[in-house]
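Novice: Dropping the structure in here first, questions after.
The values are calculated or read from the model by the stated rules, or taken from the named source; none is laboratory data. Note that the structure is predicted; figures quoted are calculated from it, not measured. All Cβ positions, even for glycine, are placed from backbone atoms using ideal geometry, and neighbour counts span all protein chains on display. Surface accessibility is based on the protein's heavy atoms, side chains included, excluding ligands, DNA and RNA. Shrake-Rupley method; radii C 1.70, N 1.55, O 1.52, S 1.80 Å.
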Amino acid sequence: MIDAAVFQAKGIGKSYPGVRANDGVSFTVAPGEIHALLGENGAGKSTLVKMIYGLVRPDDGEMVLNGQPHHPADPRAARAAGVAMVFQHFSLFDALTVAENIALGMENPPPRRELSDRIAQVSQDFGLPLNPARRVVTLSAGERQRVEIIRCLLQNPRLLIMDEPTSVLTPQEAELLFATLRKLADQGTAILYISHKLEEIRTHCDRATILRGGRVVDSCDPREHSARTLAAMMVGGEMRPIDRSGRQAGDVLLQVRALSQPAPTAEGTALKSVALTLRAGEILGIGGVAGNGQDELLAALSGEIRSAPGTILLEGADLSRHGPEARRSAGLLAAPEDRLGHAAVPDFSLTDNTLLTAGARKGLVRKGMIDRAAARAFAEAVIRAFDVRTPGPGTAAKALSGGNLQKFVIGREVMQAPRVLVVNQPTWGVDAGAAAAVRQSLLDLARSGAGVIVISQDLDELLELSDRFCALNEGRLSAPRPTDGLTLDQIGLMLGGAHGMEVAHL
Amino acid sequence: MIRLVPRSDTPALLQVATPVMAVLATMIAGGILFAIMGYDPVAAIKTIFWDPLFGLAASYSRPQLLVKAAPLILIASGLAVGFRAGIWNIGAEGQYIIGAITGAAVALAAYPAPEMWIFPAMVIAGAAGGWAWGMIPALLRNWFGASEILVSLMLVYVAQRIAAWMAFGPMRNPEGFGMPGSRNLQQYPAASNPELIAGTGAHWGVVAAAAAVLATWFLMSRHIRGFHIRAAGTAPRAARFAGVRPETLVAFCLGLSGALAGMAGLFEVAGPAGQITDKVGVGYGFTAIIVAFLGRLHPVGILLAGLLLALTYIGGELAQLTMNLPAATVQVFQGMLLFFLLGFDLLTRYRIARRVTA
């Protein structure tokens, strides 16, 4: 079996200015194997698969695919050689149908009818329910991913690369995906699976290659190790366990009552009589698959969207008609999901980015006048307290890595000592170390008597942080349930995990 | 093979260098054009860029520099604020015309009263007229999502028709023997905008332009509203998150640039132009767009760019007189300047790389 490896990397190296992204990376993927590439953000996983897929060329080393030397000049060549890849971010046209989108991605698309038949066949074979005639705009994230996967499968790949595929899926959708991958593997396709979610790798992968700092640090059978050991291999040291202690629920801080809001844009989601209560010292987790009203709920709480009177009350004061600045002054703060362009201005320095939200509470702006020295001092304080790795407060936000910018954005809000902080996807795309720091800061904030709402798609994160859990599904918020004793299956059902489970009507 | 690679950061030097490169390229291309037309290119360029300042007639043309630069700088200062926020007021010419009309209307209504308040009231009326004309595209954008680019531009032609109507109708000089055009405000001391220091060309508009440069610099770099404007221009969602209401910003920017353009129109009609005619708009409102971009939307840059563009006006006229260059020379020059500026601007966002073909 070993000599018939589908793919082999031998001493692959790649340098970018100032960074050795990959250094002497060697590993082998056998046919029928689901092979995990495990590592923190910045460990070199993406660079590695980009080289396999022909997006980037290695500086040294060689690759072998099906016994042939593999050095694709571009993705087209890689596809011709039998490599397919499903990206984390989908490249689909909303206005087109499933079949049209798939045809666009093919070198020589067959006639429409034949293509529809083949799509139907593949989706049947691999248990990927999908109607080729539907428009992509109407599909859930899980269904969009199926479009990408089917597009890949129609090329009969020898090696399928999946880049963090479950980050947008409900647990049930993820299970469905793994069933598909297993079927594929059983037919001999090799699968290279990139993730930093340890549990799913432990349950579903046959082999794991662990990258750290661009090098292969270990290779193992993930089923034989605990998630803890895998994490230790990944970060190169013990993870500090999260400290949840010392909090107790106090008085009611925030009340949201019958909050209904039409969708702000054509692609948006309407909020439908959302109600919640948040107490001091409490963390409320809100789960849900992206696009079910998370952005809209955050906007309604931050003040970007104003709602009907009496819908949002902070310590009894009605803030529904107030804008973001008035809400911040009252103590209701927020950190949106999109760090670059929403929570921070990419082109502005960190100093300037403090002015985005901290002007009033930290006295950085008085009577409209900017106190730049105070802003700089506050930026430096955030950088120090949250261990933001950056040359200094004058650095542009876009020059920071995702994890560091996220620490800055969360730190900027936490250090304003809010009464209530609402965060959306606080650790999305953030490396494990930064994620742990962000989570701990939210727990510490709650311990100091603030209320925290965590909106997230990462269920492990929600279970780790929150005292109570509700699910957001198509703009409706479920009743909260205590997190203790809640299983992933129950959560999945709360999220509307049945979504897409029935066989599609073809 | 040569290709363009996006830059992650713009070198500060290039920000300053590209306008200079654009000016040089304009001189070269203009020279080539003149040579083809049979003129001496060196003499023509010298006539346009050098003689107005240091030539034989410099004592006449130097004051003209401030006269021409003042409205350009005043208008461009306001436009640049909006451009920074991504709000494109292309109709400053219309706001300039309306400001001239409303400002002059105060004077004509008060004629021949000698009171001191008349000129300040005219300035306020001019600013208010320009502001109101700018609010039309602002409100249409806020209420119906209409493009402020198109609406403000089309309102220029409406303003021009109104100016013609005024010159031939309600504002016609009753003592003008039926000639079109209003009374000449230069001959009405309480309403005129005279040269403040003889021989400099400096009138109240120059003072206002200097004040506008200072005020917009202060607004954009020291005040939180300027911060919000800059944020809205580069990351609208972040600005919204900070608490900016896009509607308020649209109204503020179009109102401000309209008011400054209206003021510029008033200073012109009460000073150098003297009267409302059907040709009250002479294109300052459009040229100011070039000034704003050539000045990198920065108050100091606008100051320099305004002076340069004023020079092309004066130099172009001089070249017409002395070398018989066609009247369109100025427009060709200004057009080339914008063209080269936009072209060289590509270099601030991309760098040129040679691709080694595989």
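Novice: Out of all the residues in the range A:191-203, is one or more modelled with pLDDT of 90 or more, buried (at least 16 other Cβ atoms within 10 Å of the Cβ), part of a loop (DSSP other than H, G, I, E, B) and on the phi < 0 side of the Ramachandran plot?
Specialist: Initial filter on the range A:191-203 (modelled with pLDDT of 90 or more): A:191-193.
Cutting the leftovers down to buried (at least 16 other Cβ atoms within 10 Å of the Cβ) gives us A:191-193.
Applying the additional criterion that residues be part of a loop (DSSP other than H, G, I, E, B) yields none.
Among the residues of the range A:191-203, not one is modelled with pLDDT of 90 or more, buried (at least 16 other Cβ atoms within 10 Å of the Cβ), part of a loop (DSSP other than H, G, I, E, B) and on the phi < 0 side of the Ramachandran plot, which makes the answer no.
Novice: If you go through the range A:379-408, how many residues are farther than 20 Å from residue A:427 by Cβ, out of contact with any strand residue (DSSP E or B) (no Cβ under 8 Å at 6 or more places or on another chain), away from every other protein chain (no Cβ under 14 Å) and not aliphatic (A, V, I, L, M)?
Specialist: 3
Novice: Oh, and also: Among the residues in the range A:305-315, are any closer than 14 Å to residue B:242 by Cβ, modelled with pLDDT under 95 and within 13 Å of chain B (Cβ to nearest Cβ)?
Specialist: Among the residues of the range A:305-315, not one is closer than 14 Å to residue B:242 by Cβ, modelled with pLDDT under 95 and within 13 Å of chain B (Cβ to nearest Cβ), which makes the answer no.
Novice: Still on this structure, I have one more. Name, by its number, the condition in (1) free of Cβ contacts under 8 Å to residues at least 40 places away in the same chain; (2) crowded, with 23+ Cβ neighbours inside 10 Å that does not hold for residue B:260.
Specialist: Just one mismatch for residue B:260, condition (1).
Novice: Could we say that residue A:414 is touching a residue at least 40 places away in the same chain (Cβ under 8 Å), farther than 22 Å from residue A:213 by Cβ and hydrophobic (A, V, I, L, M, F, W, C) here?
Specialist: Against the criterion (touching a residue at least 40 places away in the same chain (Cβ under 8 Å), farther than 22 Å from residue A:213 by Cβ and hydrophobic (A, V, I, L, M, F, W, C)), residue A:414 does not qualify.
Novice: Consider residue A:398 against the criteria (1) surrounded by fewer than 23 Cβ atoms within 10 Å (Cβ to Cβ); (2) at pLDDT 95 or above; (3) not in a loop (DSSP other than H, G, I, E, B): it satisfies all of them except one. Which criterion is unmet?
Specialist: Going through (1) surrounded by fewer than 23 Cβ atoms within 10 Å (Cβ to Cβ); (2) at pLDDT 95 or above; (3) not in a loop (DSSP other than H, G, I, E, B) one by one, residue A:398 breaks only (2).
Novice: Which numbered condition in (1) at pLDDT 95 or above; (2) open to solvent by 10 Å² or more (accessible area, probe 1.4 Å) is the only one that residue B:95 fails?
Specialist: (2)
Novice: Residue by residue through the range A:320-337, note down the ones that are assigned to a loop (DSSP other than H, G, I, E, B) and within 13 Å of chain B (Cβ to nearest Cβ).
Specialist: Listed by number, the residues that qualify are A:321, A:322, A:323, A:336, A:337.
Novice: Hey, any hits in the range B:104-115 for a residue that's open to solvent by 10 Å² or more (accessible area, probe 1.4 Å) and closer than 29 Å to residue B:247 by Cα?
Specialist: no
Novice: Could you run through the range A:285-304 and say how many residues are polar (S, T, N, Q) and facing another protein chain (nearest Cβ under 9 Å)? Outline the logic, then answer.
Specialist: Within the range A:285-304, the first condition is being polar (S, T, N, Q), and the residues that meet it are A:292, A:294, A:302.
This time we only want the ones that are facing another protein chain (nearest Cβ under 9 Å), so: A:302.
Adding up the residues that qualify gives 1.
Novice: So, in the range A:429-485, how many residues would count as being open to solvent by less than 10 Å² (accessible area, probe 1.4 Å) and part of a strand (DSSP E or B)?
Specialist: 10
Novice: Can you tell me which residues in the range B:293-303 are open to solvent by less than 60 Å² (accessible area, probe 1.4 Å) and not in a helix (DSSP H, G or I)?
Specialist: B:295, B:296, B:297
Novice: Residues being in a strand (DSSP E or B) and buried (at least 20 other Cβ atoms within 10 Å of the Cβ): count how many of those fall in the range A:28-62.
Specialist: So the count comes out to 6.
Novice: Quick check on my filter: what residues within the range A:251-284 are touching a Pro at 6+ places or on another chain (Cβ under 9 Å) and within 17 Å of residue A:333 (Cα to Cα)?
Specialist: Applying the first criterion (touching a Pro at 6+ places or on another chain (Cβ under 9 Å)) to the range A:251-284 yields A:268, A:270-271, A:276-277, A:284.
If the condition is that a residue be touching a Pro at 6+ places or on another chain (Cβ under 9 Å) and within 17 Å of residue A:333 (Cα to Cα), then A:276, A:277, A:284 are the ones that fit.
Novice: Do you know which residues across the range A:338-353 are away from chain B (no Cβ under 11 Å) and either surrounded by fewer than 18 Cβ atoms within 10 Å (Cβ to Cβ) or touching a Phe, Trp or Tyr at 6+ places or on another chain (Cβ under 7 Å) (or both)?
Specialist: The one that is away from chain B (no Cβ under 11 Å) and either surrounded by fewer than 18 Cβ atoms within 10 Å (Cβ to Cβ) or touching a Phe, Trp or Tyr at 6+ places or on another chain (Cβ under 7 Å) (or both): A:350.
Novice: List pairs: first in the range B:206-228 and within 15 Å of residue B:266 (Cβ to Cβ), second at pLDDT below 95 and open to solvent by 30 Å² or more (accessible area, probe 1.4 Å), Cβ under 7 Å, 6+ apart or cross-chain?
Specialist: Qualifying pairs under 7 Å: B:206/B:66.
Novice: From the list A:49, A:25, A:6, which one is touching a residue at least 40 places away in the same chain (Cβ under 8 Å) and closer than 22 Å to residue A:186 by Cβ?
Specialist: A:6
Novice: Somewhere in the range B:189-205, is a residue out of contact with any helix residue (DSSP H, G or I) (no Cβ under 8 Å at 6 or more places or on another chain) and open to solvent by less than 70 Å² (accessible area, probe 1.4 Å)?
Specialist: For the range B:189-205, residues out of contact with any helix residue (DSSP H, G or I) (no Cβ under 8 Å at 6 or more places or on another chain) and open to solvent by less than 70 Å² (accessible area, probe 1.4 Å): absent.
Novice: Next question. Specify which of the listed residues (A:412, A:372, A:376) is open to solvent by 10 Å² or more (accessible area, probe 1.4 Å), among the basic types (Lys, Arg) and more than 9 Å from chain B (Cβ to nearest Cβ). Break it down into steps so the answer makes sense when it comes.
Specialist: Values: A:412 fails: open to solvent by 10 Å² or more (accessible area, probe 1.4 Å); A:372 fails: more than 9 Å from chain B (Cβ to nearest Cβ).
Step by step, each of A:412, A:372, A:376 is checked, and only A:376 is open to solvent by 10 Å² or more (accessible area, probe 1.4 Å), among the basic types (Lys, Arg) and more than 9 Å from chain B (Cβ to nearest Cβ).
Novice: Working only within the range B:304-332, note down all residues that are of a type outside the set (A, V, I, L, M), modelled with pLDDT of 85 or more and open to solvent by less than 60 Å² (accessible area, probe 1.4 Å).
Specialist: Result: B:306, B:312, B:313, B:315, B:316, B:326.
Novice: Of all residues in the range B:201-214 being more than 17 Å from residue B:262 (Cβ to Cβ) and not in a helix (DSSP H, G or I), which is farthest from the other protein chains (Cβ to nearest Cβ)?
Specialist: Taking the candidates together, the pick is B:201.
Novice: Continuing with the same structure: Quick one: is residue B:303 under 17 Å from the mean Cα position of the chain (by Cα) and either without any contact (Cβ under 8 Å) to a residue 40 or more places away in the chain or on the phi < 0 side of the Ramachandran plot (or both)?
Specialist: Here the answer is yes, as residue B:303 does meet what is asked.
Novice: Check whether at least one residue in the range B:86-102 is within 14 Å of chain A (Cβ to nearest Cβ) and closer than 30 Å to residue B:251 by Cβ, and report yes or no.
Specialist: Yes, the range B:86-102 contains a residue that is within 14 Å of chain A (Cβ to nearest Cβ) and closer than 30 Å to residue B:251 by Cβ.
Novice: Here is a further query. Is it the case, given these coordinates, that residue A:245 is in a loop (DSSP other than H, G, I, E, B), under 30 Å from residue A:440 (Cβ atoms) and either open to solvent by 30 Å² or more (accessible area, probe 1.4 Å) or out of contact with any Lys or Arg (no Cβ under 7 Å at 6 or more places or on another chain) (or both)?
Specialist: yes
Residues checked against (1) among the acidic types (Asp, Glu); (2) on the phi > 0 side of the Ramachandran plot; (3) in contact with a helix residue (DSSP H, G or I) (Cβ under 6 Å, 6 or more places away or on another chain):
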site	(1), (2), (3)
A:335	no, no, yes
A:347	yes, no, yes
A:352	yes, no, no
A:355	no, no, yes
A:364	no, no, yes
A:369	no, no, no
A:378	no, no, yes
A:391	no, no, no
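Novice: Ok, one more. For the range A:270-283, check the following and say yes or no: at least one residue is open to solvent by 20 Å² or more (accessible area, probe 1.4 Å), within 14 Å of another protein chain (Cβ to nearest Cβ) and modelled with pLDDT under 95.
Specialist: no
Novice: In the range B:160-180, which residue that is without any contact (Cβ under 8 Å) to a residue 40 or more places away in the chain and open to solvent by 80 Å² or more (accessible area, probe 1.4 Å) is nearest to residue B:283 (Cα to Cα)? Quick ask: steps written out before the conclusion?
Specialist: Looking only at the range B:160-180, we keep the residues that are without any contact (Cβ under 8 Å) to a residue 40 or more places away in the chain, and these are B:161, B:165, B:169-170, B:172, B:174-179.
Cutting the leftovers down to open to solvent by 80 Å² or more (accessible area, probe 1.4 Å) gives us B:161, B:165, B:170, B:172, B:174-175, B:177, B:179.
Values: B:161: 15, B:165: 19, B:170: 24, B:172: 23, B:174: 28, B:175: 29, B:177: 29, B:179: 24 Å.
Step by step, filter the range B:160-180, then rank; the result is B:161.
Novice: Could you tell me whether any residue of the range A:221-234 is away from chain B (no Cβ under 14 Å), surrounded by 17 or more Cβ atoms within 10 Å (Cβ to Cβ) and under 17 Å from residue A:471 (Cβ atoms)?
Specialist: No: the range A:221-234 contains no residue that is away from chain B (no Cβ under 14 Å), surrounded by 17 or more Cβ atoms within 10 Å (Cβ to Cβ) and under 17 Å from residue A:471 (Cβ atoms).
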